[in-house]
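First comes the structure, then the notes that go with it.
Every read-out reported here was derived from the displayed coordinates using simple, explicitly stated rules and does not represent laboratory data. Values in this document were obtained by computation on a predicted structure and should not be read as measured data. No Cβ is skipped: glycine too gets one built from the backbone with ideal geometry, and neighbour counts run over all protein chains shown.
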């Protein structure tokens, strides 16, 4: 590791985990972080195997996050930052313990399992010396950032309508449901599809457009028999500025892979981005042209440039998007760009709003009516 | 004209009209119809010029539809069928007069200007000897019909979710609003975006999926100041079988051209079609493949084959889609395939449902709540 | 038919013919021509059936082109123009007879079966009062014309390289070869793939770029055993201005439909067009953007506008492209735009060059060396 | 670093280098290698800065590759492997010195600057105990490997035609030519476009198809005035089995980014892959469908699975492709899969053929004739 590398611990990433390994690769891609400690799943034996695979010294593979925090605090070369990639149920406990111990926190979305936990976490972050970053991975794509910067600069005029769509098909049949923690309210929290991918779509809509949702009207469904959480989620939304948004998300869209897309229609132009073709931002202005802006374009915004490692025409993907968030967190941690947090890099603000989105969507669906984003049940 | 040609009159298609000229081209493309009479706009001089351009004898260019019906009735070689391509306000009067006079009717969507007119027209059609066909043009595309046939045959299992999206940008600014009859409630009827393109999306969803919408929850907006009708329309819907649908339509999606698309997610597969690439039907079944079925595939359904004139790889477009509807109407008129009407070719059933959709969407939006498709205000 | 309609006869279009029916539809689409006579295949009974289907009076369905020319010459309302959509072997005889009889000629490509016939036809056209138009259908697409106009205007600077690619797969196996006239040298002429689709690619390259090929180096193959003509054709070419071109065409590209595409790389930009998505012209200028210019864009060139009937977002296809050529021929025939012939509308110049291309490609391939486009064997 | 990490040194990757940094990221992505030594450019001060940035201890940043080999040989924890990412001129010297010192070599393409050097290197590799891997990065993409495995298994029948196309535009104008080592014969070697990207296209064609080129006919050009090496390269080729191939490559294709693509047409199917959409392999079989096979499909071949880290729908790009080569090299080095070298991972065989391709293309172009791949000038 470089002298300049920031030492991190990972909680999560056990066998079968999807996102833990991505955090590891992303953290190290640009050489800014070194993974030196962790808890890699709940089974100690498997955790040690995984930890060794990833080059973590055996004495820094801990039984749980509490031991990890204590153990690392006693070392001169203890970690500065903890990465949380566990099921949602434990996000709050790990994050709050780590923050109280003076560690920085990088947590995978959603912020917590419940809205109440999220509301409790906000003052803990505020009271801590640490940075709290939430990895909504799609915010690490260059062209998502370019879209955000362009809209903020007025490039498409007043935002009138957002259409954000997130179809996945991996839960279109019920076989194996019992093994999937995302389907268990005790582990996933209050939202199913809404909480797993609806929050991505919601956060992306607010992140890119710069608008805030004021009220929403949701239709949630459990299409596969026996599910206790929603597996399909559709929401009409109104925005602060009078604009509107429509969010469609699904885990039962058979055969779809990970087809997140967003279109923002402004008074003078439209921006469109699709995760399946992430290096392109489509811009339409009503002049008979669609402009495809490529990642790496020489006049990209600074945030897009920070998210681009390679010359145009060399695809960068999901790991790189996550790595870009890590790179920004490194700059924030080292004090060179603290303003990135809760700016380009989502933090408690986006986190809390996302949790409220889930809560409001469930309430709206239950009562079949429009519900304010601010209203309490 | 061929001996077998069916003689038609066109009401509409004056200077500046978009759809009238398409009806003319489509009717004649396959040689099944001959345009021999008409009223080509409200200005008699301009009507004569347009009629002559189109090869209509001067004595069969009439002042209005009443004169046309009377004049043609007096001829041995009078028309058998009237095509209505006027603003919505006159659809009801022309259709009902023509049907009562024993003429067949081909009418551009929407059926009428109001739901009440549509309800009045249904028994008039039933009592007439004539055929009543409604040109929802998108139903003439081969791959739309292929999708419909596949879903009816169970190819993707039970329908769970429909996402239908129809962005247009031509009304994204208000310049010229005064010249556009679609923005005038007196001429367009009760719906703006909902009535002009929302009905296309609604009809397509029901047509392709074979499902019926039972209730809906709409958010309509007039984004451009001064408009009395909606220019943006978004609707959550529930289906007879417990499935759901989301419809997004807009005339203020700046820079969008005519981007109608639909995805139907079934329990065992997904079908997706986009008007910008109409010769392709995408099929996903969750096996890591997307199958692109091309118009003209040797094992296409009969309805798709009837809608395909050219070998694979030779694009057919909007005029051909309309022409396919005309071809089917010809078969129905000549008695060789009467069942096509209210089947592959939309008629009063789809027409009435579409009008009810507009009415229900307006009511739902006004009250901010779910509304049954059957409920009267 | 309109007073203004031009009366035409069609030779070809018998049962099983692909292109004949397209000529009929295209000729009538814009109401500028009326099909009133013809020879619809070599079997008189079948010819009458087809002719009646298409509304041609029984007494104007002739046994062969000679009878047709004589018969029509004796009528007051005789045809002004003959359309040739027969196998290549008879193109020369019909065209030269018709021209000598004072008729205009619209002939499907290629010009003739042999280079010698093409060279003989040139002075016959010159000596006639008639117009001679050759339907290279792809020249009727709006965005092909837009590309041509832009390059002529210097929009991408000096042309440096052309890549034109035409894969088809319909002859990838040999079953049914005996029934296909295109595979029979006696009927098709000297070229197989080179003559059937290679000429399209060659003509498109010269048409769009404004450059002329000076020499070429060809590799022709017959991949399927037993074929006497080439079914695969690849050619390196040099251009007048020092630029280069590469042409790849194939009839054995299994599963390909009709995937003609062209890219022209100029000193300051690239234009790209694909037949599978014909309403889009891609423009790249090296600034990190790809501009997709849509057919119907308000600032399209006049030739593209003449080739566009519908608003943006309403697909037009192969029939419309052919119809655009007919529309231009009508303007040329009526004297309002004679310069279109051998300009936007290919005539003897492009026809003769295309025949020479086939001849030179065969010679080059035989000798395995570069061959001048001017050189005689 | 993990106990299992392989220690590597990097020569190259100085400021302004494109590929050096990618080697670093790729080597470390999967945690199999640790970069612990290097020569990061020819300027010692800059090399130290870069080395420290990348976490290399100051005492292992060397002045040149000779010092590095000596220095590392004296350490207990010396590197096992050297990565060569310098301009082509020094590939031979570094590789041969390293191999003789018992190090493994991972070298960026092309193998050497001249064919003679390549021929000298072959026996050096054979005589060494080391592994020699050549990073033709595109071979690391999952769907390139899937295509190769499918063709080898007969999935598209006998290969008849390959069309490989590699347009880039970054050299379309001559500004800055003096700073670009790739344009300097003394540093780049004998090929310009042919040597820089033509070899990629050539290697990809042979790699995917399993065929060997037997003879070729090349047209090379220097389109921008003053260049001594070709900047555009087009080649007709014949294959061992009687099939044909066409290769087009360009560095003056204005505005193109890095648009490598390949189509292989077999007797019973076509495979197509495009670098701009690398996670998709298109398969056409002539049944009216195009099958899009997605990276991560459950029944992918083992080589494609090894090249896929993430679930379907999560893009992986250029860095991951390179990382996959590194992962395979690690398995080969550790003896678990030695057969990957000169198999899935290109080695001296592909390297030598690529150098011969450049040499033969130059000879063929000079003489304007077909040239055997085996023939010496």
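At a glance:
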| item | result |
| --- | --- |
| Dmax and Rg, reported as Rg then Dmax, of region B:210-328 (C-alpha, Å) | 17.5, 52 |
| Chain A, closest residue to the rotation axis toward D, by beta-carbon, whole angstrom | A:317, 2 |
| Among C:244, C:199, C:144, residue whose mean-square fluctuation peaks in a GNM of chain C (springs only between Cα atoms under 10 Å) | C:244 |
| Shielding score for A:161-174, defined as the mean number of other chain Cβ atoms within 10 Å | 4 |
| Debye intensity ratio in log₁₀ form over the Cα atoms of the protein assembly as shown, taken at each q of 0.09 Å⁻¹ | -1.31 |
| Distance in nm between pseudo-label sites at residue B:64 and residue B:225 (7 Å out along the Cβ direction from Cα) | 3.9 |
| Three-way shape label, region D:187-239, alpha-carbon gyration tensor, a/c 1.5 | prolate |
| For residue C:368, label point 7 Å along C-beta direction: distances to other copies, nm | 1.7, 8.2, 8.3 |
| Order of D:8, B:58, D:362, A:19 - criterion: other Cβ atoms within 10 Å of each residue's Cβ, fewest first | B:58, A:19, D:362, D:8 |
| FRET efficiency for residue A:280 and residue C:18, using Cβ-Cβ distance with R0 set to 30 Å, rounded to 0.05 | 0.20 |
| The protein assembly as shown - share of DSSP beta bridges that are antiparallel (%, nearest 5) | 60 |
| Exposure proxy ranking, count of Cβ atoms within 10 Å, fewest first, for A:319, D:69 | D:69, A:319 |
| CD proxy at 222 nm, helix term only [per DSSP H run n ≥ 4: -39500 (n - 2.57); per residue of chain C; nearest 500] | -9500 deg cm²/dmol |
| Calculated FRET efficiency for the pair residue B:367/residue B:52, C-beta based, R₀ 51 Å, to 0.05 | 0.45 |
| Top of A:337, A:361, A:63 by mean-square fluctuation, Gaussian network on chain A, Cα under 10 Å | A:337 |
| Region B:170-262, Cα convex hull volume normalised per residue, Å³ | 93 |
| Residues B:193, C:233, sorted so that the one with the fewest Cβ neighbours within 10 Å comes first | B:193, C:233 |
| Chain D shape via C-alpha gyration tensor axes, a/c threshold 1.5 | oblate |
| Approximate spin-label separation residue A:127-residue D:122, in nm, with each point projected 7 Å along Cα-to-Cβ | 7.4 |
| Size-normalised alpha-carbon gyration radius of region D:146-301, reference 2.2 N^0.38 Å | 1.14 |
| Chain D: angle of helix D:44-53 to the longest principal axis, Cα-based, in degrees nearest 10 | 80 |
| On Cα atoms only, tilt of C:91-100 relative to the major axis of chain C in degrees | 60 |
| Prolate/oblate/rounded call for region B:307-377, Cα gyration tensor, a/c under 1.5 rounded | oblate |
| Between helix D:115-127 and chain D: long-axis angle, C-alpha atoms, 0 to 90°, nearest 10 | 60 |
| Principal semi-axes in Å for region A:6-138 [√(5λ), Cα gyration tensor, largest first] | 21, 16, 14 |
| Cβ-Cβ FRET estimate between residue D:155 and residue A:268, R0 fixed at 41 Å, reported to 0.05 | 0.25 |
| Pseudo-label separations to other copies for residue D:57 - Cα-to-Cβ vector, 7 Å, nm | 1.5, 10.3, 10.4 |
| Inter-site label distance for residue B:77 and residue B:334 at 7 Å from Cα along Cβ, in nm | 1.9 |
| Label distances, nm, residue D:268 versus same residue in remaining copies, Cβ-directed 7 Å point | 2.6, 5.3, 5.9 |
| Averaged over B:236-248, number of beta-carbon atoms from partner chains that fall within 10 Å | 4 |
| Shielding by other protein chains, C:256-268, mean Cβ within 10 Å | 5 |
| GNM result for chain C, Cα springs below 10 Å: residue of C:88, C:241, C:258 fluctuating most strongly | C:241 |
